[in-house]
Amino acid sequence: MNHPSFAYCLRLFGLALLFLYPHPNNSLQLSTVPPLIDVPVFSLSTLGKDRTLDTMNILTYATPVSIQPCRMWSISLYKGTLSHQNFARERRGVLQLLTPYHAYCRALYNDNSKQSDQTPGVLIRLLGGTSGRDRDKRSECEILGYAWRELDFPEADSEAAKWPSVIPGCLYYLQLELVADMIDCGSHEVALCRVVSMTVDNAIEKSSAELQYLSSRKLLVALVIGDLKSKYGNILYLISMNRFERPVASVDLSSLVYISMTINKRLHIGGAP
């Protein structure tokens, strides 16, 4: 009796695998979960009616859409917010590209600076998690060490009055002007804007740090670390900072969540006895 060749057995094994584990293309299914895209994190500064309602938010729906004959950006604003109201009325604002330092409330230019007493994420939560109708964001940012300032307009001092204040330490400041009616997209309205000017801090430009922006992934890490500190105290916070903060860009978020869950389990925090 002749035994089947090795090649024949290998082909049979391959067919069996295809039958048991069909090609991924055959297992496609509908999903309600959007793709988790890592995007830059901005803050939009807008003018209030009497400057007491000037406000800043957190914005991730922003992208360039054209470069000629002028630079154009598109931003999307949640309807009903003070930022949306201000921008729709004044038709202008300053889009600020944030850095990881804003997420951790640290000084921008001092690499040897120690972590401040502020919980990571507190500035972001103030800008993006509260309303300028209820909180004085200008004074609270000053308490956190981020006093608002005006952009420099060397050609005309009167021009500064037409634009809102900005938060210090941002990589770029894009002055945007609405060029058409806002587009209703349901929960948000999309604004097509002309870039009036782009401002960058000389110290940042010379250090080639323009790519070290705050991304949604880095922000999520900072918020998780901040939650560890606020919920479980400084010990767990320092452990997580020592393991995960340096460098922020290489953080494995799943590892962070696993470590925090492991620590909680060992100390019986927040779980069943």
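What to note about this one:
- Restricted to segment 51-102, and to residues there that are open to solvent by 20 Å² or more (accessible area, probe 1.4 Å) and charged (D, E, K, R), the residue that is nearest to GLN212 (Cα to Cα) is ARG71.
- Scanning segment 148-158 for residues that are more than 20 Å from the chain's Cα centre (by Cα) and modelled with pLDDT of 90 or more yields a total of 2.
- Close contacts from segment 128-142, counting a first residue that is closer than 11 Å to THR81 by Cα and assigned to a loop (DSSP other than H, G, I, E, B) and a second that is open to solvent by 50 Å² or more (accessible area, probe 1.4 Å) and at pLDDT below 90, with Cβ to Cβ under 7 Å and a gap of 6+ residues or different chains, come to GLY132/LEU53.
- Unique match (being modelled with pLDDT under 75 and touching a Leu at 6+ places or on another chain (Cβ under 6 Å)) among LEU228, LEU171: LEU228
- Options ALA180, ALA161: the member that is closer than 18 Å to GLY48 by Cβ and either modelled with pLDDT of 95 or more or outside any strand (DSSP E or B) (or both): ALA161
- Residue pairs whose Cβ atoms lie under 8 Å apart, separated by 6 or more positions or on different chains, with the first residue in segment 95-118 and within 28 Å of PRO64 (Cβ to Cβ) and among the polar types (S, T, N, Q) and the second assigned to a loop (DSSP other than H, G, I, E, B) and at pLDDT 60 or above, are GLN96/ILE167; GLN96/CYS170; THR99/GLY169; THR99/CYS170; THR99/LEU171; THR99/GLN212; THR99/TYR213; THR99/LEU214.
- Residue match in segment 108-128 (condition: buried (at least 19 other Cβ atoms within 10 Å of the Cβ), more than 17 Å from the chain's Cα centre (by Cα) and modelled with pLDDT of 90 or more): no
The values are calculated or read from the model by the stated rules, or taken from the named source; none is laboratory data. It should be emphasised that the depicted structure is a prediction, and the values quoted were computed from it without experimental measurement. When we count neighbours, we look across all protein chains shown, and the Cβ atoms used for this are built from the backbone with ideal geometry, even at glycine. Ligands, DNA and RNA are stripped out before the accessible areas are found, and what is left, the full protein with its side chains, is counted by its heavy atoms. Shrake-Rupley method; radii C 1.70, N 1.55, O 1.52, S 1.80 Å.
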